[in-house]
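Worksheet for the structure shown next.
The values are calculated or read from the model by the stated rules, or taken from the named source; none is laboratory data. In this text the structure is predicted, and so the values were computed from the model without any measurement. Backbone-built Cβ (ideal geometry, glycine too); neighbour counts: all protein chains shown.
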Ligand code: KIV
Ligand code: ZN
């Protein structure tokens, strides 16, 4: 058996029919060209009879793309097939995908006919499509809930009628992986002419089993998989292309390969998500924001020692530059030190201990510590042992209260306290500090700035003081803006000393 798995992408058909995901023809061409670069073998470009827009998109995609087979969907209806054939006139390689429901439910309640009539209509549709193209795929809609024996009769009839590919959709995403796998095996073993056609999977994700079912299909003899970028598609979606491609690449034990250039997976995923206005969930396998992000200390330490400890895929293989270590209150020294090194800081153990201590305090107040925060934390270390250091600060302020501040200041290693009032908490604290340092300084500039957005963010304070005709600058950052202000003031005073 050929070990190549044909990748049939239905992002532009099953995916595009999702409410809100509609694309115009130009956007569809952009996606089709990205799919061609990605290495998909078949692009299902649309359902031409459904609208003039869909018809036109199939025409234009056929002109814009050369390597993949361009496929157009139809019902088992003559007019659908004629329209599909016309839409494919410019395609270098073309396929008509026709089919009909085969489950008891579809036969009785949707099509309202008999099983024998289904077999006849299926075979007639394939025969008719073969008048226009050499490559005809037949889908047995709701094959997942169809009886295997009847399904085998339908498949045998359509292959006799000229089908080159037989698609076994789990239209409602109901099958268990073992059940879907044995359905494919049953067809392999019980359809006498099955060797004349390729078996295709088309699994929906209603119970979250689309990828598992697709792989079980491949393990039991299917050699085409119908997939969509980011797993988009009707209801809970289709099997996602990126998951199947990476399973095939990672599991050599499956003994199959695909033509996907996996390094283009991430960019294609972003393109589809952006154009279709369909965000990718953060924890989506392969392409989600967190797919290569490590946040617990134990995992971060393990990944830094050897990436493979917690990653089975090299992010570079899917077009992501590198894994990310998210610095939070759960991060350890190893992760912090790694980030410091990336930012150009090489610290000794004591300096690292000092930063780590302050990092944890900050991380308890902020969800995530960013590079800006780290630079500020690291910057503090390099001031060395200060002649002036704020040890404690207590302020009382509020509406109809007189602001009072008590500062504990270490001057050359010795702790001193002072209390003062002021016109606000910062003024009260500055006045208390001034009481402890016998110098007359003038505040020239006082600038407060939030580093990022939220109320839990760090505030930066820049201060400029004048003393004896000299200008001295002070800086600090803290989630508590009063503390940041007093520290910045003391930073400037320390430079005078
Ligand atoms: O889910 C399905 O059965 C389909 C067919 C039209 C192939 O999308
Ligand atoms: Zn479908």
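Things worth noting here:
- Candidates in the stretch 252-269 are the residues that are loosely packed, with under 13 Cβ neighbours inside 10 Å and more than 17 Å from residue 42 (Cα to Cα); of these, the one that is nearest to the chain's Cα centre (by Cα) is 252.
- Scanning the stretch 16-42 for residues that are closer than 17 Å to residue 267 by Cβ and either in contact with a strand residue (DSSP E or B) (Cβ under 7 Å, 6 or more places away or on another chain) or outside the structural domain of residue 260 (by TED's automatic domain parsing) (or both) yields a count of 3.
- Residue check, residue 339 part of a loop (DSSP other than H, G, I, E, B) and not assigned by TED's automatic domain parsing to the domain that holds residue 472: no
- Output for the stretch 341-359, where each listed residue is touching a residue at least 24 places away in the same chain (Cβ under 8 Å) and loosely packed, with under 14 Cβ neighbours inside 10 Å: 343
- If you go through the stretch 121-140 and keep only what is under 18 Å from residue 105 (Cα atoms) and surrounded by fewer than 22 Cβ atoms within 10 Å (Cβ to Cβ), you end up with just 121.
- Restricting the stretch 141-154 to residues that are surrounded by 15 or more Cβ atoms within 10 Å (Cβ to Cβ) and over 38 Å from the mean Cα position of the chain (by Cα), the residue that is nearest to ligand 1 (Cβ to nearest atom): 154
- Check on residue 195, away from ligand 2 (no atom under 16 Å from the Cβ) and closer than 26 Å to residue 127 by Cα: yes
- Of everything in the stretch 214-237 that is under 16 Å from the mean Cα position of the chain (by Cα) and within 15 Å of ligand 1 (Cβ to nearest atom), the residue that is nearest to residue 285 (Cα to Cα) is 231.
- Within the stretch 96-117, restricting attention to residues that are closer than 18 Å to residue 80 by Cα and buried (at least 24 other Cβ atoms within 10 Å of the Cβ), the residue that is farthest from ligand 1 (Cβ to nearest atom) is 96.
- Restricting attention to the stretch 278-335, the residues being part of a loop (DSSP other than H, G, I, E, B), farther than 25 Å from residue 233 by Cα and without any contact (Cβ under 8 Å) to a residue 40 or more places away in the chain number 13.
- If you go through the stretch 4-38 and pick out every residue that is within 16 Å of ligand 1 (Cβ to nearest atom) and buried (at least 23 other Cβ atoms within 10 Å of the Cβ), you end up with 10.
Each row is one residue, and each column tells you yes or no for (1) free of Cβ contacts under 8 Å to residues at least 12 places away in the same chain; (2) crowded, with 24+ Cβ neighbours inside 10 Å; (3) touching a helix residue (DSSP H, G or I) at 6+ places or on another chain (Cβ under 8 Å).
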position	(1), (2), (3)
203	no, yes, yes
206	no, no, no
209	no, no, yes
217	no, yes, yes
223	no, no, no
229	no, yes, yes
233	no, yes, yes
239	no, yes, yes
